[in-house]
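Worksheet: the structure to be examined is printed underneath.
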There are 2 protein chains.
Amino acid sequence: MAAWLDAAEVPHVVVREPGGTPLGEVIRDLVLKRTDLDVGPASELLMMLAARAALVRDVVGPALEAGKLVLADRFALSTLAYQAYGRGLDPARVHPALDIATGGLRPDLYVVLDLPLREAAERRHRGRGRPDRFESEGEAFRHKVRDAYLALAQDEPGVELLDAQGTPEEVHARICGLLAARLPAFVPAASGGPGRRERDDG
Amino acid sequence: MAAWLDAAEVPHVVVREPGGTPLGEVIRDLVLKRTDLDVGPASELLMMLAARAALVRDVVGPALEAGKLVLADRFALSTLAYQAYGRGLDPARVHPALDIATGGLRPDLYVVLDLPLREAAERRHRGRGRPDRFESEGEAFRHKVRDAYLALAQDEPGVELLDAQGTPEEVHARICGLLAARLPAFVPAASGGPGRRERDDG
């Protein structure tokens, strides 16, 4: 997506969560990698939110103020799916804490890439090294998180569920189409991709 | 206080915040000592709460279940004084986040040791090494935090403001008297101290 936005000359910033700031990367290491540390559900939530607060303050906020599109690998929806529904924390308490971290900022669009659990497991086994804290969880947790995303896609505004089966090129084309349809002010029309727009502009 | 409870054979646990668990001590280091890291108000709050959530789950909860008295050097009241009022975060958002960390647990008694700012500064300069993140703040921040404590002592239930001027022995005697008056089920009568109770019992 970033390469596509680059080619289309859409000013943008790419961030990942947790992380993206000096504090956030320390927290990323603690929450994802330090599987020797016993981190309970509430601590996990609050650490993720502390990282997000730094990211919003230091990176996302300034980028938006500069008129850039922000492409984030996870945001508040993942907190609801993993920490509220997955870990069993009360969403009524999680929402105000989310607002502390984001200052009330909401994405224009969430794209949820949906995959049957079996295929997701195959991709995980092919592509990754040592599993992180969430990847180390069992099937029951994965089911809960996927069910949560499917429910959130129905209930929360601005969430699009996208079929992530197929080749990377096929999924990429689906995302481009969705972004162009949903964010026309930011993203060029997808038919033909950003190259087409450059030709049009040129 | 711990020595006094020991002598009185009151089963108890002493904790300090942030810290007291492996995760909490990592966070203590991040929040208090790593003054090179840029930690914003929201991240500071959420990290403190992440440490507290671990402390409540792993130390305070089990101690209370075992019928022990828990003596904590700081708890939720300090979060309200420092992070809400001191840093300017909305208390209406901070309260639900506090509840995530504590699971709704509230102390039977908060003892706020009150000291004029000038005398507090003298004690700090005598007793301490390198100042931590909060000790590095200026006078304006200290004023805000003290005013917050004074207001919270009026508004929040279970808060006792105690004059901390005088010798350590004088302040100790004041705290003993307060605990014995307010928590008679846990703490022996203060007149004569715990030694008196041992004599009575024996």
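The values are calculated or read from the model by the stated rules, or taken from the named source; none is laboratory data. Because the structure is a prediction, the values reported are computed rather than measured. We place every Cβ from the backbone using ideal geometry, glycine too, and count neighbours over all the protein chains shown. Quick note on the areas: whole protein, heavy atoms, side chains included, nothing else; ligands and nucleic acids left out. Shrake-Rupley method; radii C 1.70, N 1.55, O 1.52, S 1.80 Å.
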Quick one: would you say B:Val112 is open to solvent by less than 30 Å² (accessible area, probe 1.4 Å), assigned to a helix (DSSP H, G or I) and more than 15 Å from B:Leu46 (Cα to Cα)?
-> no
Tabulated pairs, the range A:173-196, first over 20 Å from A:Pro157 (Cα atoms) and modelled with pLDDT under 75, second part of a loop (DSSP other than H, G, I, E, B) and open to solvent by 80 Å² or more (accessible area, probe 1.4 Å), C-beta under 8 angstrom, 6+ apart or interchain | A:Pro194/A:Glu9
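Give B:Leu105, B:Leu49, B:Leu89 a once-over and let me know the one that is assigned to a helix (DSSP H, G or I), within 14 Å of chain A (Cβ to nearest Cβ), in contact with a helix residue (DSSP H, G or I) (Cβ under 8 Å, 6 or more places away or on another chain) and under 30 Å from A:Pro91 (Cβ atoms).
Numbers: B:Leu105 fails: assigned to a helix (DSSP H, G or I); B:Leu89 fails: assigned to a helix (DSSP H, G or I).
From the options B:Leu105, B:Leu49, B:Leu89, the qualifying one is B:Leu49.
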Which of the residues belonging to the range A:98-123 are without any contact (Cβ under 8 Å) to a residue 24 or more places away in the chain and at negative phi?
-> A:Asp99, A:Arg118, A:Ala120, A:Ala121, A:Glu122, A:Arg123
Restricting the range A:52-82 to residues that are among the β-branched types (Val, Ile, Thr) and under 17 Å from A:Tyr110 (Cα atoms), which is nearest to the other protein chains (Cβ to nearest Cβ)?
-> A:Val56
Checked against (1) more than 26 Å from A:Val13 (Cα to Cα); (2) of a type outside the set (S, T, N, Q); (3) not in a loop (DSSP other than H, G, I, E, B), A:Gly166 satisfies every condition except (3)
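Just checking, how many residues over the range A:121-149 are among the hydrophobic types (A, V, I, L, M, F, W, C) and either within 14 Å of chain B (Cβ to nearest Cβ) or surrounded by 15 or more Cβ atoms within 10 Å (Cβ to Cβ) (or both)?
The initial filter retains those residues of the range A:121-149 that are among the hydrophobic types (A, V, I, L, M, F, W, C), namely A:121, A:134, A:140-141, A:145, A:148.
Next, only the ones that are either within 14 Å of chain B (Cβ to nearest Cβ) or surrounded by 15 or more Cβ atoms within 10 Å (Cβ to Cβ) (or both) stay: A:134, A:145, A:148.
Within the range A:121-149, residues that are among the hydrophobic types (A, V, I, L, M, F, W, C) and either within 14 Å of chain B (Cβ to nearest Cβ) or surrounded by 15 or more Cβ atoms within 10 Å (Cβ to Cβ) (or both) number 3.
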Do we find that A:His95 is under 20 Å from B:Leu45 (Cβ atoms) and either within 14 Å of another protein chain (Cβ to nearest Cβ) or in contact (Cβ under 8 Å) with a residue 12 or more places away in the chain (or both) in this structure?
-> yes
Any chance A:Ala2 is more than 13 Å from chain B (Cβ to nearest Cβ) and either open to solvent by 50 Å² or more (accessible area, probe 1.4 Å) or among the hydrophobic types (A, V, I, L, M, F, W, C) (or both) | yes
Of the residues in the range B:13-43, those that are at the interface with another protein chain (Cβ under 8 Å from one of its Cβ atoms) and of a type in the set (D, E, K, R) come to B:Asp38
Do you know which residues across the range A:156-166 are modelled with pLDDT of 95 or more and open to solvent by 60 Å² or more (accessible area, probe 1.4 Å)?
-> A:Leu161, A:Asp163, A:Gln165
Which of the residues spanning the range A:10-39 are in a helix (DSSP H, G or I) and either touching a residue at least 60 places away in the same chain (Cβ under 8 Å) or open to solvent by 10 Å² or more (accessible area, probe 1.4 Å) (or both)?
-> A:Pro22, A:Glu25, A:Val26, A:Arg28, A:Asp29, A:Val31, A:Leu32, A:Lys33
Looking at (1) open to solvent by 20 Å² or more (accessible area, probe 1.4 Å); (2) assigned to a helix (DSSP H, G or I); (3) closer than 16 Å to A:Ala8 by Cα; (4) out of contact with any strand residue (DSSP E or B) (no Cβ under 8 Å at 6 or more places or on another chain), which is the only condition A:Cys176 fails?
-> (1)
Identity of the residue in the range A:73-94, open to solvent by 50 Å² or more (accessible area, probe 1.4 Å) and within 17 Å of the chain's Cα centre (by Cα), that ends up nearest to B:Ala97 (Cα to Cα) = A:Tyr85
Which residue pairs have Cβ atoms under 8 Å apart, sit 6 or more places apart or on different chains, and have a first residue in the range B:124-135 that is closer than 22 Å to B:Gln165 by Cα and a second that is at pLDDT below 75?
-> B:Glu135/B:Arg128
